[in-house]
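Asker: Dropping the structure in here first, questions after.
No value in this document is a laboratory result; all are computed from the given coordinates. For clarity, every value in this text was computed on a predicted model and none was experimentally measured. No Cβ is skipped: glycine too gets one built from the backbone with ideal geometry, and neighbour counts run over all protein chains shown.
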Amino acid sequence: MLPIHFAPLQGFTESAYRQAHYRFAPGVDTYYTPFLRLEKGEIRAKELRDLEADLHFAPPTGDRKPYHLVPQIIVRDVDEFNTLTKAVAEQGFKEIDINMGCPYPMQTKSGRGSGILSHPEKVREILDAASQFSQASAATSESIQFSIKMRLGLTTPEESLQLLPLLNEASLAHITLHPRVGIQQYKGALDIETFDKFYSECKHPLIFNGDITDIKDIQYIEARYPNLSGIMIGRGLLANPVLAAQYAQIPCESTSATLLKIHAEILADYTQRLQGNSQILDKLRPFWTYAELPKKIKKKIDKSRTLDEYLSAVHELT
Ligand SMILES: Cc1cc2nc3c(=O)[nH]c(=O)nc-3n(C[C@H](O)[C@H](O)[C@H](O)COP(=O)(O)O)c2cc1C
């Protein structure tokens, strides 16, 4: 049975979502924050608050594994890396994931996310800084471990294969690989052939990520890559939050009942934090983006103009 990692998804898997998911849908080994980034040289207060919200989250676990969260950062150089790593480490986190996969032009054009993959010298500097950080932290307390979440490249899959010797030399907890290039965004075929090559030469624990939507997909990947260390799932878990539980054969509620429970928690959180119903509606509506809903209800959700209209459409799902 492979550990299932819940992929970070900006705008979806913020703290309220992660906590609600953990409460109602067992089976996820590790959650990740959407990437933390610098704005005018500082970590954004909103993102720091989101991180802090999880520091004190310790629900009774029974025989379940405790909630495990790894903050993710996105950086273009050593300065950004040091500032963000320091801020995250000060919160007490011992693991940090480095985003080298984001395909959004806003990030890639400035050399972040998958935009860094064609700059081995930048990757090397960051890996060196990570290694120094780990060593320095080991002297004072428990060492900080870094992992990387990446794509095959920004424009060509060769980028990741060329980087592999460099990555293999580095000290990393694991690599998560999404076998697409950045310019594909989230569409088009996965490049399984290049994933195969990377898998056979990668010396770090490797996690597969991309287009997993059901148990058969998980089993296929599991059988194809016997040395894999885990599977990361994003949109598949947003659509079916109990997918990891179903795979691990842990008793759980139905997909629709769990979606509604998570939705209720997020609604409560937004109602407490946000000003005004239209703001709440704007933040809530995307919750259903990847869910399979009856067409009529989906249309009502998409077209609702007020929070009341929206909630009455959601109520039809009960
Ligand atoms: C709306 C959206 C936001 C995302 N935000 C992040 C992010 O903050 N950090 C990251 O590493 N990947 C991010 N991703 C990529 C996902 O983590 C994941 O790699 C991608 O969706 C492919 O996995 P999937 O097919 O299981 O969804 C995002 C993807 C989407 C669709």
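Asker: Determine the sum of side-chain charges near V123: Lys and Arg each +1, Asp and Glu each -1, restricted to other residues whose C-beta is under 14 angstrom from that of V123.
Answerer: Details: positive: R76, R112, K122, R124, K149, R151; negative: D77, E80, E121, E125, D128, E159, E169.
That works out to -1.
Asker: Using a simple spin-label model with points 7 Å from Cα along the Cα→Cβ vector, what separation in nm is obtained for E125 and K86?
Answerer: The modelled label-to-label distance comes out at 1.7 nm.
Asker: Under 10 Å, Cα contacts only: if you run a Gaussian network model on the chain, which one of D77, D282, D63 comes out with the highest mean-square fluctuation?
Answerer: It is D63.
Asker: Now for a separate question. Excluding Y270 itself, calculate the net charge of residues whose Cβ lies under 12 Å from the Cβ of Y270, where each Lys or Arg counts +1 and each Asp or Glu counts -1.
Answerer: -1
Asker: Which FRET efficiency value, to the nearest 0.05, is calculated for K187 and T61 with the Förster distance at 35 angstrom and r the Cβ-Cβ distance?
Answerer: So the FRET efficiency works out to roughly 0.40.
Asker: Still on this model: Taking +1 at the Cβ of each Lys and Arg and -1 at the Cβ of each Asp and Glu, which of A89, H5, P226 sits farthest along the dipole of the chain towards its positive end, judged by Cα position relative to the Cα centre?
Answerer: Toward the positive end, the furthest listed residue is H5.
Asker: Same structure again: Looking at the square roots a ≥ b ≥ c of the eigenvalues of the Cα gyration tensor of segment 255-315, which shape do they give, rounded for a/c under 1.5, prolate if a/b is larger than b/c, or oblate?
Answerer: On the way: a/c = 2.10, a/b = 1.27, b/c = 1.65.
In terms of gyration-tensor shape, oblate.
Asker: For helix 15-24, report the angle its Cα long axis makes with the longest principal axis of the Cα atoms of the chain; keep it between 0 and 90° and round to the nearest 10°.
Answerer: Result, in degrees: 70.
Asker: Further, regarding this structure: Expected output is a single nm value to one decimal: the length gained when fully extending between L166 and N277, i.e. 0.36 nm times separation in residues minus the C-alpha distance. What is it?
Answerer: 35.0 nm
Asker: Rounded to the nearest 0.05, what FRET efficiency do K203 and K296 have when you use their Cβ-Cβ distance and R0 = 30 Å?
Answerer: The calculated FRET efficiency here is 0.05.
Asker: Check cross-link reach from K216 to the lysines: straight Cα distance under 30 Å, and skip same-chain residues fewer than eight apart.
Answerer: K65, K149, K187, K197, K203, K261, K295, K296, K298, K299
Asker: Based on the alpha-carbon gyration tensor of segment 4-248 and its eigenvalue square roots a ≥ b ≥ c, which shape applies: rounded if a/c is under 1.5, prolate if not and a/b is larger than b/c, or oblate?
Answerer: rounded
Asker: Name the most mobile residue of T140, T13, T33, meaning the one with the largest mean-square fluctuation, in a Gaussian network model of the chain with Cα contacts below 10 Å.
Answerer: T140
Asker: Tally Lys and Arg at +1 and Asp and Glu at -1 over the other residues with C-beta under 12 Å from the C-beta of K298: what net charge comes out?
Answerer: +3
Asker: Then there's this: If you take every DSSP beta bridge fully contained in segment 4-248, what fraction is antiparallel? Give it as a percent rounded to 5.
Answerer: Expressed as a percentage, antiparallel bridges in segment 4-248 total about 5.
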